[in-house]
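Following: one structure in structure tokens, then a few remarks.
Quick note: the coordinates plus some simple rules give every number you see, no bench work behind them. In this text the structure is predicted, and so the values were computed from the model without any measurement. Virtual Cβ from ideal backbone geometry, glycine too; neighbours counted across all protein chains shown.
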Ligand code: SAM
């Protein structure tokens, strides 16, 4: 591996001023980037999909850790800087220019298992997260997600019942996966600094509870949390059979959505999936 120039120099040389429209907030602190890259565990020989490498700070940390990286980047201004990085790690970095929301990630990774890491604009991150966590096929081809979010969104992902942060995102992230808040990242770590604090969530797939349809569970949580202040017997009126199912499972229909555990949601969804 050749000596790599400091990231700030790479950015200056390639004229990569951060674009607000593309949600660009770059990380330059190589120690922090190394710590993020270490979160999924040893990388030797493992394949990684990185979304939004930008000038390549995290990409560099991943390559140094021994990963084989495929990166999807929308901003073509970043491609020359990434090509330089590829030259320093021959055969280990593939860069695809495109919109990660429109691409088939499993196909890009050739149907082989891969870890996903990303420091994405927050709106894109949430849309991709919902997509990665959804669907009937489980376990997915990805083996872990290590994603930067706005801290408030990260807290919603790992929230426990009975809290105001607990909602659809928590159930989606927890019913068949282990999701944890792995690291808080201060806004001053970014250039330019975003308005709010960030946090990294790490997710690993777990066993899919038997007999539960993901679609049914999604419909149920959408209705329940769509009117989270209402009692379940009111909010679930539009989901055929749901209120009767609550009664038959001994779940008081006067409760509100945020008091139901993930397991209780699963049990209701299982009964409705029959
Ligand atoms: N990973 C770099 C870092 O940590 O310094 C850059 C992070 S910056 C917050 C987000 C990056 O995602 C930018 O480079 C931006 O161009 C890219 N991006 C934004 N939307 C994207 C999309 N839909 N698909 C692929 N890349 C996207």
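Bin all alpha-carbon pair distances of region 116-207 at 5 Å intervals from 0 and give each bin's fraction as a whole percent.
So the P(r) values, bin by bin, are 3, 14, 26, 26, 18, 9, 4, 1.
When the chain is treated as a GNM, springs tying every alpha-carbon pair under 10 Å, which of 112, 264, 210 comes out with the largest mean-square fluctuation?
Per the Cα network of the chain with a 10 Å cutoff, 210 tops the list.
Report the semi-axes of the equivalent ellipsoid for region 1-61 in whole Å, largest first, where each axis is √(5λ) for an eigenvalue λ of the Cα gyration tensor.
On the way: eigenvalues 95, 44, 21 Å².
In descending order, the three semi-axes are 22, 15, 10 Å.
Among 125, 111, 167, which one moves the most in a GNM of the chain with springs linking Cα atoms closer than 10 Å?
In the Gaussian network model the winner is 111.
When N is the residue count of the chain, what does its C-alpha Rg come to as a fraction of 2.2 N^0.38 Å?
Details: Rg = 20.6 Å, N = 274, 2.2 N^0.38 = 18.6 Å.
In units of the globular-protein estimate, the chain measures up at 1.11.
How big is the gap, in Å, between the Cα center of region 23-65 and the Cα center of region 210-274?
39
Would you kindly state how much longer the chain becomes between residue 130 and residue 3 on full extension, computed as 0.36 nm times their sequence separation minus their alpha carbon distance, in nm to one decimal? Don't jump to the answer; show the numbers that get you there.
Numbers: separation 127, 0.36 × 127 = 45.72 nm, distance 3.85 nm.
Extra length available between residue 130 and residue 3 comes to 41.9 nm.
In percent, what relative contact order does region 7-205 have, based on Cα pairs under 8 Å that are 6 or more apart in sequence? Mind showing how you got there, number by number?
On the way: 357 pairs, mean separation 40.1, N = 199.
Dividing the mean separation by the residue count of region 7-205 yields 20 percent.
How do 92, 195, 184 rank when sorted from fewest to most other Cβ atoms within 10 Å of their own Cβ?
On the way: 92 16, 195 6, 184 11.
Neighbour counts put them in this order, fewest first: 195, 184, 92.
Would you mind checking the tilt of helix 214-226 against the longest principal axis of the Cα atoms of the chain, expressed as 0 to 90 degrees and rounded to 10?
That helix lies at roughly 80 degrees to the long axis.
Please list, in order, the residues from region 127-161 whose amide nitrogen is less than 20 Å from a point placed 7 Å along the Cα→Cβ vector of residue 188.
Inside the label zone: 150-152.
Just the projected area, averaged over all directions, of the convex hull on the alpha carbon atoms of region 214-273: how many nm²? Don't skip to the end; give the middle numbers.
Numbers: hull surface 13.1 nm².
Reported value for the Cα convex hull: 3.3 nm².
Multiply the residue gap between residue 75 and residue 163 by 0.36 nm, knock off their C-alpha separation, and tell me the result in nm, one decimal place. Mind dumping the intermediate values first?
Details: separation 88, 0.36 × 88 = 31.68 nm, distance 3.86 nm.
Additional length available on full extension: 27.8 nm.
Compute the distance in nm between two label points, each set 7 Å from the Cα along the Cα-to-Cβ direction, one at residue 106 and one at residue 247.
Result: 4.1 nm between the two label points.
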